[in-house]
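Visitor: Sharing a structure below in structure tokens format, with a few things to ask.
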Amino acid sequence: MSYLNQSVAKLSGVGAQTLSRLEKLGIRVIRDLIFHLPLRYEDRTRIHPIGRLVAGMTVLICGRVEFIDILPRARKSLICRISDETGFITLKFFHFSANQHNALRPGTLISCFAEVRYGFGGLEMIHPDYQVITNSDTEVTHTCLTPVYRLTEGLSQAILRKVVKQALSFWRDEPELLIDWIPASTLKKYAYPSLAEAIKTLHAPDNLVSISALQSGNVPALKRLAFEELLAHHLSLRINRDKIKAWQSPVFKTDSGKEIVEQFLSSLPFKLTGAQQRVIAEIEADCKLEHPMMRLVQGDVGSGKTIVSAYAALLALVAGYQVAVMAPTELLAEQHNRSFSAWFEGFQTKVVFLTGQLKGNARKAVLQDMADGSAGIVVGTHALFQESVTFHRLGLVIIDEQHRFGVHQRMALREKGQQGKTRPHQLVMTATPIPRTLAMLQYSDLDISIIDELPPGRKPIVTSVIPAERRSAVIERISSWVTKKRQVYWVCTLIEESEVLQCEAAEKTAEFLTNALPEIRIALIHGRMKSKDKDIVMQAFKNHQIDLLVATTVIEVGVDVPNAGLMVIENPERLGLSQLHQLRGRVGRGDDDSYCLLLYQSPLSDTAKQRLGILRDSNDGFLIAEKDLELRGPGEVMGTRQTGAVRFKVADLARDADLLDNIQQTGEQIFIHSPQAIQPLCDRWLGGSSDYAEV
Ligand code: ADP
Ligand code: MG
């Protein structure tokens with residue numbers, strides 16, 4: 001067996017404990033270590049004269065201890081002053097041992113590495129990484145930039161650096177073991193180094209490579225690996241897509257059902273927009289083929305995606321197939337259930353509703369209707385792809401707000417609908433505009449349709465950015481708004497991770513507003529409420545039995561109450577722009593003017609100001625997503641909380657977006673000339689998650 005596939009336990013200094021810690025980082029074999037690339041670097045290649053230090057620099061210095069003392073303040077600290085011939089600086093330790101105190105006797109020569117800051121007595125370093133210099137052999141400076149790796153608890157940089165170094169030296173004995181799959185012509189064209197060179201450079205960049213270039217991704221070695229990683233992701237989705245295209249699907253012939261389709265369209269309370277009609281035609285063409293449709297419909301909030309999917313459902317029903325509609329939240333699923341039930345009233349089919357909350361006999365009845373086919377349309381949450389659920393001639397799967405689901409969930413539902421060799425068509429909808437570059441990576445397995453037109457008569461939402469100090473003015477505005485018989489949302493945001501805190505904050509706000517506005521009807525909705533209770537509140541709000549709805553971000557997707565034309569969003573600075581845009585999309589759904597007030601906590605950073613400004617100035621979801629990508633990076637655009645988001649080892653989509661332009665082309669070249677490279681590339685970069693390609 002090659003060295004590279006051997007366990008890291010083989011390396012010296014790796015005992016059982018280190019082994020399990022490395023495993024936590026996904027490092028099992030020597031090859032994994034080689035691909036565990038540094039997060040950033042430190043420059044210890046030269047010693048800086050103390051007299052020339054400026055606050056903010058992170059540097060290596062060398063000096064003699066002048067004095068040392070323990071300050072008996074509230075927070076006991078060890079203070080030590082060192083100097084060289086150019087100046088002096090103070091070192092501060094808040095945690096220290098008696099040993100340390102002893103070792104730093106006056107006259108001792110030491111080297112320190114840390115960030116320089118301003119303190120009371122001039123410049124200082126807090127908890128520097130230091131080393132006592134005992135003789136001229138002590139290695140003070142490093143010849144290369146010092147790598148800083150991602151760690152896990154109990155694992156130190158020193159250990160990781162040591163084992164990586166060993167791993168690299170093993171590999172040097174067998175350089176041919178890591179095959180460079182990027183075509184030589186591509187390497188030449190973009191002036192990329194070979195794989196081996198790139199990896200060596202990144203683990204130990206020599207001092208000709210600057211840290212700032214590394215940080216900004218402006219180093220060929222880094223570009224090359226990022227390129228290769230992005231390429232691997234792209235290829236894996238493409239293989240997947242090709243596999244899917246080879247499957248069989250039911251053909252939706254609608255010739256015999258023309259009248260039904262006409263009847264459906266004429267029963268709608270509105271006329272479809274041009275964009276809706278175009279997308280419908282694209283869907284119809286897909287479903288006439290005997291291979292599965294895999295289509296993503298993107299359309300800004302309120303562009304009318306639901307009716308487009310209902311039309312697709314109609315095609316399936318007419319052809320005698322069942323349809324599953326999956327939404328990411330109960331609230332949205334309930335709403336779809338209502339819409340579909342209304343649209344398909346009088347169409348001789350049952351619309352049933354299935355979520356995890358449905359229990360007992362009611363659940364049994366729904367499962368029965370699904371299994372025997374008496375239900376033509378099944379609406380639900382991810383409960384739809386649980387074990388106990390059986391479909392009957394499932395011909396179409398509709399997934400709303402796709403960005404909330406992972407690739408895997410999407411695929412699991414398709415598996416469920418498999419009968420023999422045929423699989424259902426799939427229609428995915430999202431309001432999160434995905435910049436073209438990202439779409440190529442996340443959705444290379446999907447064809448994309450865009451609804452780029454809002455239904456007529458929509459007025460842009462007027463957005464204002466207001467500091468929290470002016471809360472009372474906002475409350476007055478709500479009061480006069482409600483007098484005009486209009487309704488209001490008040491959205492409380494908190495960091496997504498803590499739903500409990502978010503609900504608490506919403507409860508407090510509801511209480512506060514109830515006191516401040518005793519004359520208006522206020523209700524609260526949040527994610528920890530029972531589905532039934534949420535439904536009751538939502539229904540009451542729709543029926544205008546409530547004036548002001550205090551909510552958490554549960555109302556982010558789908559909710560549709562046209563009379564609610566004013567939305568206050570508290571602490572908008574905490575959310576991604578696309579998410580804010582989506583939230584804001586709850587208003588502006590009627591013919592009247594609508595407003596969104598972003599009530600921020602001051603002071604606001606410059607970037608935050610700029611970001612909220614983008615939202616104030618634009619109502620275009622695509623533009624907002626592009627700007628958000630520029631300012632914050634893709635994690636925010638895609639939403640870091642999303643299960644489906646791709647995680648990269650080296651690539652950073654904000655930094656490396658320029659590489660994407662060349663990926664498609666190189667991918668094409670590999671498909672044609674060296675298909676044998678695809679699997680190893682996917683294995684190398686997608687590792688455990690390469691079941692992307694398997695499904
Ligand atoms: P989204 O794309 O955000 O999911 P919806 O499908 O919820 O949007 O549609 C938003 C609102 O617009 C709904 O009330 C829907 O009935 C309405 N709508 C959809 N299409 C049209 C249209 N062509 N003309 C007028 N209203 C429409
Ligand atoms: Mg929707």
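Visitor: Given labels modelled 7 Å from the Cα in the Cβ direction, how far is it in nm from Ser341 to Gln664?
Guide: 4.4 nm
Visitor: Going by Cα centres, the range 141-165 and the range 93-113 are how many Å apart?
Guide: Here the answer is 23 Å between Cα centres.
Visitor: Taking every DSSP beta bridge with both residues inside the chain, roughly what % is antiparallel (nearest 5)? Could you put the intermediate results ahead of the total?
Guide: Details: 34 of 91 bridges.
The antiparallel fraction comes to roughly 35 percent.
Visitor: How high is the relative contact order of the chain, in percent, with contacts defined as C-alpha pairs under 8 Å that are six or more residues apart? Provide the component values of the computation, followed by the final result.
Guide: Working: 1216 pairs, mean separation 89.2, N = 695.
Contact order relative to length: 13 percent.
Visitor: Same structure, new question: Within 10 Å, count the other beta carbons around each residue, average over each peptide in 534-542, 383-391, and list them highest first.
Guide: 534-542, 383-391
Visitor: Another one. How big is the charge dipole of the chain about its Cα centre, in debye rounded to the nearest 20, if each Lys and Arg gets +1 on its Cβ and each Asp and Glu gets -1 on its Cβ?
Guide: Details: 80 positive and 78 negative charges, 168 e Å.
Roughly 800 debye, rounded to the nearest 20.
Visitor: Quick one: of Lys162/Lys649; Lys243/Lys532; Lys245/Lys530; Lys258/Lys532; Lys24/Lys92; Lys350/Lys542, which pairs are farther than 30 Å apart, Cα to Cα?
Guide: Lys243/Lys532; Lys245/Lys530; Lys258/Lys532; Lys24/Lys92
Visitor: Here's a follow-up. Let me have the 222 nm mean residue ellipticity of the chain computed from DSSP H runs of 4+ only, each contributing -39500 (n - 2.57), with the sum over all residues rounded to the nearest 500.
Guide: -12000 deg cm²/dmol
Visitor: Can you tell me the relative contact order of the range 46-141? Whole percent, Cα pairs under 8 Å, sequence separation 6 or more.
Guide: 30 percent
Visitor: Pull out a ≥ b ≥ c, the square roots of the eigenvalues of the alpha-carbon gyration tensor of the range 255-451, then state rounded if a/c is under 1.5, prolate if not and a/b is larger than b/c, and oblate in the remaining case. Don't jump to the answer; show the numbers that get you there.
Guide: Numbers: a/c = 1.40, a/b = 1.14, b/c = 1.23.
Here the range 255-451 falls in the rounded category.
Visitor: Relative contact order of the range 319-384: what whole-number percent is it, with Cα pairs under 8 angstrom and at least 6 residues apart? Please report the intermediate quantities before stating the final value.
Guide: Numbers: 91 pairs, mean separation 34.5, N = 66.
Relative CO of the range 319-384 lands at 52 percent.
Visitor: Can you order the peptides 325-334, 263-272 by their average number of other Cβ atoms within 10 Å per residue, highest first?
Guide: Ranked from most to least packed, the peptides come out as 325-334, 263-272.
Visitor: In terms of modelled amide H atoms, which long-range or inter-chain residues lie less than 5 Å from the amide H of His291?
Guide: Those lying under 5 Å, H to H, from His291 are Ser249.
Visitor: Another one. Just report the Cα centroid separation between the range 187-253 and the range 1-46, whole Å.
Guide: 22 Å
Visitor: With the Cα gyration tensor of the chain in hand, convert its eigenvalues to equivalent ellipsoid semi-axes via √(5λ) and list them largest first in whole Å.
Guide: Computed over the chain, the values are 53, 36, 22 Å.
Visitor: Structure shown: which of Lys271/Lys459; Lys288/Lys416; Lys305/Lys421 lie over 20 Å apart, alpha-carbon to alpha-carbon?
Guide: Over 20 Å apart, Cα to Cα: Lys288/Lys416; Lys305/Lys421.
Visitor: While we're on this one: With axes computed from alpha carbons, what is the tilt in degrees of helix 471-483 against the longest principal axis of the chain, rounded to the nearest 10 within 0 to 90?
Guide: 0 degrees
Visitor: Shape verdict for the range 452-547, please, from the Cα gyration tensor: rounded (a/c under 1.5), prolate (a/b greater than b/c) or oblate. Intermediate results must be reported in sequence, preceding the final value.
Guide: On the way: a/c = 1.27, a/b = 1.14, b/c = 1.12.
Rounded, since a/c falls under 1.5.
Visitor: Which of the peptides 14-23, 608-617 is most tightly packed, and how do the rest follow, going by the mean number of other Cβ atoms within 10 Å of each residue?
Guide: 608-617, 14-23
Visitor: Now for a separate question. Using 0.36 nm times the number of residues separating Ser2 and Lys421, minus their current alpha carbon distance, what extension gain do you get?
Guide: Extra length from Ser2 to Lys421 when fully extended: 146.8 nm.
Visitor: Going by a ≥ b ≥ c, the root eigenvalues of the Cα gyration tensor, does the range 46-141 fall in the rounded group (a/c under 1.5), the prolate group (a/b larger than b/c) or the oblate group? Don't skip to the answer; put the middle values down first.
Guide: Details: a/c = 1.74, a/b = 1.15, b/c = 1.51.
Verdict is oblate for the range 46-141.
Visitor: While we're here: Does a label point 7 Å from the Cα of Val140, set along Cα-to-beta-carbon, have any residues of the range 56-85 with amide nitrogen under 15 Å, and which are they?
Guide: Taking a point 7 Å out along Cα→Cβ of Val140, the residues of the range 56-85 whose backbone N falls under 15 Å are 59-66, 82-85.
Every number in this text was worked out from the coordinates using simple rules, so none of it is lab data. From a predicted model like this one, the values you see are computed outputs, not experimental measurements. We place every Cβ from the backbone using ideal geometry, glycine too, and count neighbours over all the protein chains shown.
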